[in-house]
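Q: Can you read through this structure? Questions will come right after.
The values are calculated or read from the model by the stated rules, or taken from the named source; none is laboratory data. Every value quoted in this text rests on a predicted model; they were computed, and no experiment measured them. All Cβ positions, glycine included, derive from the backbone under ideal geometry; neighbour counts span all protein chains shown. Side chains included, ligands, DNA and RNA excluded: accessible areas come from the protein's heavy atoms. Shrake-Rupley method; radii C 1.70, N 1.55, O 1.52, S 1.80 Å.
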Amino acid sequence: MTKMKTIYQSLPQVLVCCCITAALTALSSCDDYLDVLPDNRAELDTDSKITELLVSAYPLTNSFLMSEMYSDNTDHCTGSSSYTAYQTLEEEAANWQDITWKNQDGTYALWEHCYKSIAAANNVLIAIDELGRPERLNAQRGEALLCRAYCHFQLANIFCLPYSERTCHEALGLPYMRTTETTVSPTYSRGTMAELYENIAADIEEGLPLIDDNIYTVPKYHFNKRAAYAFAARFYLYYMKDDKSNLDRCIECATRVLTSQPSEMLRDWKTLGSIALGSASYNTFINASDKANLLIITSNSYWEWVYGPTAVAKGYCHSTKISQTETIQSTGFWGSQNTYFAAGQMSGSPKIYMLKMGQYVEYTDIVNGIGYPRMIVPAFTTDALILDRAEAYALKGDYDHAYADLTAWMNAFTSNQGVVDAAALRQAYGNQKPYYTPTNPTPKKRLNPDFTVTEGEQENLIHAVLHARRVTCLHEGLRWQDVKRYGIEIYRRNVDGTLGDGNITVYDTMTKDDPRRAIQLHEYVINAGITPNPR
């Protein structure tokens with residue numbers, strides 16, 4: 001629990017706790033991390049009870065802090081005694097160490113909460129089966145299937161290597177839980193990445209047609225149709241086949257959300273950027289009424305306390321050096337520093353941030369200001385989705401459509417209201433633009449994916465998409481997935497933050513095939529019998 005000074009008065013419905021959630025919370029022994037609810041399925045005998053349990057099928061945690069710290073969005077800033085980590089977790093993650101931190105934002109919490117949410121989804125599916133799968137519960141069944149797939153996908157993105165046709169039949173996957181456990185200390189096989197992705201795909205394909213927005217009071221707090229298709233689009237983008245067949249599925253799913261007028265579906269970044277830095281910016285970014293926000297969930301997290309405008313957590317951060325040369329303040333195909341959503345920086349701090357997801361508190365003792373830190377998170381947005389589709393178009397060789405999506409993104413996110421074309425990308429990422437080195441950084445980093453990216457126009461398009469996504473989704477953890485999927489070599493640097501981020505020294509390198517790209521399971525999970533990642 002943490003003492004905080006702010007309170008959010010109207011948390012969304014996803015924070016509502018039912019009696020099933022309390023039962024889930026009690027299941028935290030060291031011997032059965034995948035053990036789930038007591039066998040109370042007999043109580044799930046009405047439509048309303050089944051629907052209520054779905055609230056617990058969304059994980060009450062996120063991987064943003066870990067992912068950002070592991071990625072190249074983080075430097076180790078030196079030069080001042082005030083440049084320290086806020087918690088052990090940042091230091092461990094930023095230095096690519098096995099994480100011992102057991103509380104929110106760490107590997108233990110992610111594993112525990114995702115599998116608890118999977119348990120809730122499984123209990124819904126079992127209850128619906130026992131009622132004979134009545135048609136009136138199709139939407140609830142669809143939501144449960146999507147939640148189960150989403151939780152496994154989130155776990156895979158942290159604890160597994162990226163999907164690759166070359167390695168998927170040998171690389172470790174994760175236990176895919178389709179039933180509730182009824183034995184003591186069961187043994188689980190992690191299986192392979194091929195099996196894991198096949199199971200996720202099966203749940204998505206079965207669940208998508210069943211989703212019905214009409215059963216929700218606020219659809220964006222659940223896997224509504226647009227959110228479900230956005231999730232499917234990202235999954236198929238990551239599920240890269242040698243024949244690239246899944247790229248068509250990614251494009252099809254993304255287009256169902258973006259419609260024939262994608263520019264009209266994007267966030268109004270100009271208006272958002274005009275809001276003074278502060279809580280108003282936070283509340284606007286996560287607003288359920290914003291057409292760009294597709295799925296909004298709640299997490300136990302102190303991530304904003306680390307990345308945001310606070311006087312702590314300045315030792316491992318998104319530094320001014322990274323910002324000026326690679327991200328929000330860098331020069332891209334959109335020009336130089338003309339994004340609507342400006343970067344923020346406190347005086348005397350090396351941190352650069354975008355005010356997106358504010359931290360709020362669920363108080364247990366409001367008089368003494370004691371409670372649990374929470375974040376409201378837009379898990380899927382059209383801002384990211386249009387870049388997912390642009391990447392799929394680029395990888396397919398459909399360059400005209402890729403340029404069109406990048407143009408729509410640029411006109412929404414920046415003040416450059418032009419047209420993106422091959423010439424603009426050659427200038428930004430072509431042969432005359434040097435590749436990144438840790439002491440001479442640029443946004444252009446060498447790509448080493450397990451699939452083919454051809455030199456020239458296609459590579460320039462991929463660089464553009466990765467650069468745009470890195471800027472747009474800063475603090476949201478997606479950069480770590482791009483680093484993994486494209487085999488980008490990254491470095492851990494000491495950067496003197498008191499000298500304008502000068503005096504750079506490299507103290508570690510993560511190569512394309514570094515096994516640390518699959519973050520290690522928490523020691524408690526390993527001790528419970530789950531196979532650890534190779535080291």
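Q: Taking the simple approach of a point 7 Å from Cα along Cα-to-Cβ for both R178 and D365, what is their distance in nm?
A: Here the modelled spin labels are 4.8 nm apart.
Q: Run the numbers for E135 and D212: contour at 0.36 nm per residue of separation, minus the present Cα-Cα distance, in nm.
A: Length gained between E135 and D212: 26.5 nm.
Q: At a threshold of 8 angstrom on Cα-Cα distance, excluding pairs fewer than six apart, so keeping six or more, what relative contact order does region 145-213 reach in percent?
A: Relative contact order for region 145-213 comes out at 42 percent.
Q: Under a crude label model (7 Å from the Cα following the beta-carbon direction), how far is S245 from S274 in nanometres?
A: 4.9 nm
Q: Expressed as a whole percentage, what fraction of the accessible surface of region 44-188 belongs to carbon and sulfur atoms when a 1.4 Å probe is rolled over the protein heavy atoms?
A: About 46 percent, which is the carbon plus sulfur part of the accessible surface.
Q: Taking the Cα atoms of the chain, what is the range of coordinates along each of the three principal axes, in descending order and whole Å?
A: Projected onto its principal axes, the Cα set of the chain covers 66, 52, 45 Å.
Q: Using 0.36 nm per residue, how much length does the chain from T439 to T452 gain when fully extended, once their Cα-Cα distance is taken away?
A: Result: 1.9 nm gained on full extension.
Q: In degrees, nearest 10, range 0 to 90: what is the angle between the Cα axis of helix 399-413 and the longest Cα principal axis of the chain?
A: 90 degrees
Q: While we're on this one: With a 1.4 Å probe and every protein chain left in place, tell me how much accessible area R141 has, in Å² to the nearest 10.
A: 20 Å²
Q: Also: With n ≥ 4 as the cut-off for DSSP H runs, can you work out [θ] at 222 nm for the chain, using -39500 (n - 2.57) per run divided by the number of residues, rounded to the nearest 500?
A: After summing the helix terms and dividing by the residues of the chain, the value is -12000 deg cm²/dmol.
Q: If you count only protein heavy atoms with a 1.4 Å probe, what accessible area per residue comes out for the chain, rounded to a whole Å²?
A: Per-residue value: 37 Å².
Q: How far, in degrees from 0 to 90, does helix 193-207 lean away from the longest principal axis of the Cα atoms of the chain, to the nearest 10?
A: So the helix axis and the longest Cα principal axis differ by about 70 degrees.
Q: Show me, for region 489-495, the HN-Hα J-couplings you get by feeding each phi into the Karplus relation (A = 6.51, B = -1.76, C = 1.60, θ = phi - 60°), rounded to Hz, glycine and proline as x.
A: 6, 10, 10, 10, 10, 8, 10
Q: By how many nm would the segment from Q261 to T498 lengthen if fully extended, with 0.36 nm per residue of separation less the alpha-carbon distance?
A: Going from the current span to full extension adds 80.7 nm.
Q: Sticking with this structure for a sec: So how tilted is helix 245-258 from the main axis of the chain? Cα-based, degrees 0 to 90, rounded to 10.
A: For 245-258 against the chain, the angle is about 90 degrees.
Q: Now a separate question. State, to one decimal in nm², a quarter of the convex hull surface area for the C-alpha atoms of region 474-528, i.e. the direction-averaged projected area.
A: 5.8 nm²
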